[in-house]
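Before any comments, here is the structure.
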Amino acid sequence: MNKNDAGQVFLRVILGLTFFIHGVSKFQGGIGNTAGFFDSLGIPGFMAYIIAGVELIGGLAVILGLGTRIVSVLFAVIMAGAIFTAKLPAGFLGNGQAAGYELDLALLAMSVYLACANRTVLSLDHLIINKKGK
């Protein structure tokens with residue numbers, strides 16, 4: 001494992017953990033509240049359940065390195081949606097009343113990188129592919 005692989009694993013674990021915690025918080029805070037917020041933005045409320053599920057399950061998968069490319073694409077779509085539907089009007093750093101989109105943009109960039117990157121030695125994907133190849 002080289003420095004690039006180590007950096008990628010670190011990025012993958014942090015991204016997965018961030019999404020996992022956001023998914024947990026949506027369920028703990030009352031997923032109905034999140035659905036109501038989505039409705040207020042003009043997004044169907046049922047999407048809150050789907051997004052929270054992707055964040056929760058996808059976050060765990062990315063931490064483990066399982067389906068990282070696919071899940072990272074889903075994360076990128078979620079972040080682009082969050083930026084354009086909820087965060088853009090507040091500006092990059094926010095407007096004092098609402099958070100800006102700087103974190104969302106960083107998570108989007110991390111997701112795009114992992115969607116394009118090769119798998120690392122420290123991932124379940126690597127172990128599965130190697131076992132099938134033998």
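The values are calculated or read from the model by the stated rules, or taken from the named source; none is laboratory data. For clarity, every value in this text was computed on a predicted model and none was experimentally measured. Positions of Cβ are backbone-derived with ideal geometry, glycine not excepted, and every protein chain shown enters the neighbour counts. All accessible areas refer to the heavy atoms of the entire protein, side chains included, with ligands and DNA or RNA removed. Shrake-Rupley method; radii C 1.70, N 1.55, O 1.52, S 1.80 Å.
Odds and ends about this structure:
- The condition (being open to solvent by less than 50 Å² (accessible area, probe 1.4 Å), out of contact with any helix residue (DSSP H, G or I) (no Cβ under 7 Å at 6 or more places or on another chain) and either in contact (Cβ under 8 Å) with a residue 24 or more places away in the chain or closer than 30 Å to MET1 by Cα (or both)) is satisfied by just one residue among ALA117, ALA86: ALA86.
- Contacts under 7 angstrom Cβ, first residue in region 2-28 being of a type in the set (Gly, Ala, Ser), partner open to solvent by 50 Å² or more (accessible area, probe 1.4 Å), 6 or more apart: GLY16/LEU60
- Per the listing GLY58, GLY53, GLY36, the residue uniquely under 30 Å from CYS116 (Cβ atoms) and surrounded by fewer than 16 Cβ atoms within 10 Å (Cβ to Cβ) is GLY53.
- Checking each residue in region 7-33 for being out of contact with any helix residue (DSSP H, G or I) (no Cβ under 7 Å at 6 or more places or on another chain), within 20 Å of VAL71 (Cα to Cα) and open to solvent by less than 50 Å² (accessible area, probe 1.4 Å) picks out GLY7, GLN8, VAL9.
- Complete set of residues in region 123-134 that are in contact with a Lys or Arg (Cβ under 9 Å, 6 or more places away or on another chain) and either assigned to a loop (DSSP other than H, G, I, E, B) or of a type in the set (D, E, K, R) (or both): SER123, ASP125
- Residue match in region 91-107 (condition: farther than 30 Å from GLY32 by Cβ, in contact with a Ser or Thr (Cβ under 7 Å, 6 or more places away or on another chain) and crowded, with 16+ Cβ neighbours inside 10 Å): no
- In the set VAL54, VAL62, VAL77, VAL71, only one residue is in contact with a Lys or Arg (Cβ under 9 Å, 6 or more places away or on another chain), closer than 14 Å to PHE19 by Cβ and not small (Gly, Ala, Ser); that residue is VAL62.
- Of all residues in region 61-74, those that are closer than 16 Å to MET110 by Cβ and open to solvent by 70 Å² or more (accessible area, probe 1.4 Å) total 4.
- Residue within region 40-59 that is touching a Phe, Trp or Tyr at 6+ places or on another chain (Cβ under 6 Å), over 20 Å from VAL24 (Cα atoms) and of a type in the set (Asp, Glu) present: no
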